[in-house]
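What follows is a set of notes on a single structure, which appears directly below.
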Amino acid sequence: MIRKQQMEIDNYEKVAVTPRFCYFKPKVMTNSTMAQEIAFSLSQKKKFISSKFFYDDVGSETFEKICDLPEYYLTRTEFEILDEIKSDLSEYLADNFALVELGSGSSVKTRKLLEILTCKQKDVEYYPVDISDILKDSSINLHDEYENLKITGIIDNYETGLEFIRTLDHTKKLVAFLGSSMGNFSPKEGMEFLEKIHESMSVGDMLLLGLDLVKDVKILESAYNDSSGITADFNCNLLLRLNKEFGANFDLTKFKHVAVFNKKHRRIEMYLKSLTKQHVFMPVIDLFLKFKKDELIHTEYSHKYTTSQIKKMTKRTGFRLVHMWNDKKNYFTMALFAVEK
Ligand code: AVJ
């Protein structure tokens, strides 16, 4: 087991930025794996692009703008809940905890958790995991703000993050999975992912999960169809990225951002709709694509949950639900779970 982990770490470049901040990044360019995935997903009968490809530098910046939109209540609401529950949470975190964050992004909400931990503990270890290089900047900011913080970042997907979590058996861990990022998974995939998280945790560890709740369709749909068109830019950036990285010739005037709530599946579905019959070529991966008028490329699911669904789902994963906190409008929930024998 130890040898396997060693081997996996060997595929990573370790960059020590300061004595208190280092990060790991895959040595092999992830570009070729992206090319393979894209070639596959755009060759399907129902074309799709995985939502993890939103987050290049431009996409990550655009997502930060989304978080500030008046219509996008998610980030604001989660932040408010975290602020409210700080002292409650603190009681559950009596021991020393290392903080692991899956999908740390800009690490803005992380501050609420770090405020708790850095107050109580002499030193705090923070392990942000994010697919985007934004991790470097957000970590440096935190590094400068908290003197007793030691940061080890992992710039890769969640799976790799979980591999790292496994190696941290010296302290208790608080794993944070915030922002309703789990919504990108279907409920079944989400449950399987929670099982994987559970497997990589030990008795005494805790999981803090932030999830968006089912609500009025108008509120949901306007959060993904904002009036300033930032979400449309975010979605269309996928095509710009393919133009940049794979030499594709997507004409952005011929695609339209679409986001609708699917009531049955309790999810926002995002698409890029081809406005005309057209052809696109991607020389770098030698891919020739035909689009019919009104054909859709699926780009994202954003599942919304009900509290009873969350309770049922997590029971099956081996976690014990410790507490759930909602905002006053019941737009969003923060759930704390414990790992028990
Ligand atoms: C980062 C996946 C939680 O689903 O609300 C925001 C991404 N997409 N607007 C979400 C997103 C369009 C966001 N998550």
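What follows is calculated from the coordinates using simple rules that are stated; it is not laboratory data. Quantities reported herein were computed from a predicted structural model and do not represent experimental measurements. When we count neighbours, we look across all protein chains shown, and the Cβ atoms used for this are built from the backbone with ideal geometry, even at glycine.
Before moving on, here are some points about what is shown:
- Global geometry of region 1-160, whether rounded, prolate or oblate, following the gyration tensor of its Cα atoms and the 1.5 cut on a/c: oblate
- Here r is the Cβ-Cβ distance between VAL260 and GLU64 and R0 is 22 Å; the resulting FRET efficiency, rounded to 0.05, is 0.35.
- Value of relative contact order over the chain, rounded to a whole percent, pairs C-alpha under 8 Å and six or more apart: 19
- For MET206, residues with placed amide H under 5 Å, excluding near neighbours: LYS173, LEU174, VAL175
- Cα centroid separation, region 190-204 to region 91-159 (Å): 19
- Share, in percent, of DSSP beta bridges within the chain that are antiparallel, nearest 5: 60
- Projecting the Cα atoms of LEU93, ILE38, SER50 onto the charge dipole of region 37-113 (Cβ charges, centred on the Cα centre) puts ILE38 farthest toward the positive pole.
- Dipole of the chain, positive end: most advanced residue of GLY190, LEU178, PRO26 [Cβ charges, Cα centre]: GLY190
- 5 angstrom amide H check on LEU178, placed H, neighbours 5+ away: LEU102, GLY210
- Most fluctuating residue given options ASP56, ASP130, ASP68, as computed from a GNM of the chain linking Cα atoms under 10 Å: ASP68
- Here the chain is assigned +1 on the Cβ of each Lys and Arg and -1 on the Cβ of each Asp and Glu. Its dipole about the Cα centre then comes out at about 1400 debye.
- The relative contact order of region 119-238, computed from alpha carbon pairs under 8 Å that lie at least 6 residues apart in sequence, is 21 percent.
- Separation between Cα centres of region 285-341 and region 233-252, rounded to whole Å: 27
- Antiparallel %, DSSP beta bridges [both residues in region 1-149], to 5: 55
- Dipole magnitude (debye, nearest 20) for region 283-341, charges at Cβ of Lys, Arg, Asp, Glu: 460
- Comparing GLY183, GLY210, GLY318 in a Gaussian network model of the chain where C-alpha atoms under 10 Å apart are linked, the largest mean-square fluctuation is found at GLY318.
- Set LYS52/LYS172; LYS52/LYS112; LYS25/LYS254; LYS14/LYS304; LYS27/LYS112 screened for pairs whose C-alpha atoms are more than 31 Å apart: LYS25/LYS254; LYS14/LYS304; LYS27/LYS112
- For region 36-118, the Cβ-based charge dipole about the Cα centre amounts to some 580 debye (Lys, Arg positive; Asp, Glu negative; other atoms uncharged).
- Column: log10 I(q)/I(0), Debye, Cα scatterers of the chain, q = 0.07, 0.09, 0.12 Å⁻¹: -0.30, -0.50, -0.90
- Residues considered: GLU269, GLU221, GLU13. Largest GNM mean-square fluctuation over the chain, using C-alpha springs under 10 Å, is found at GLU13.
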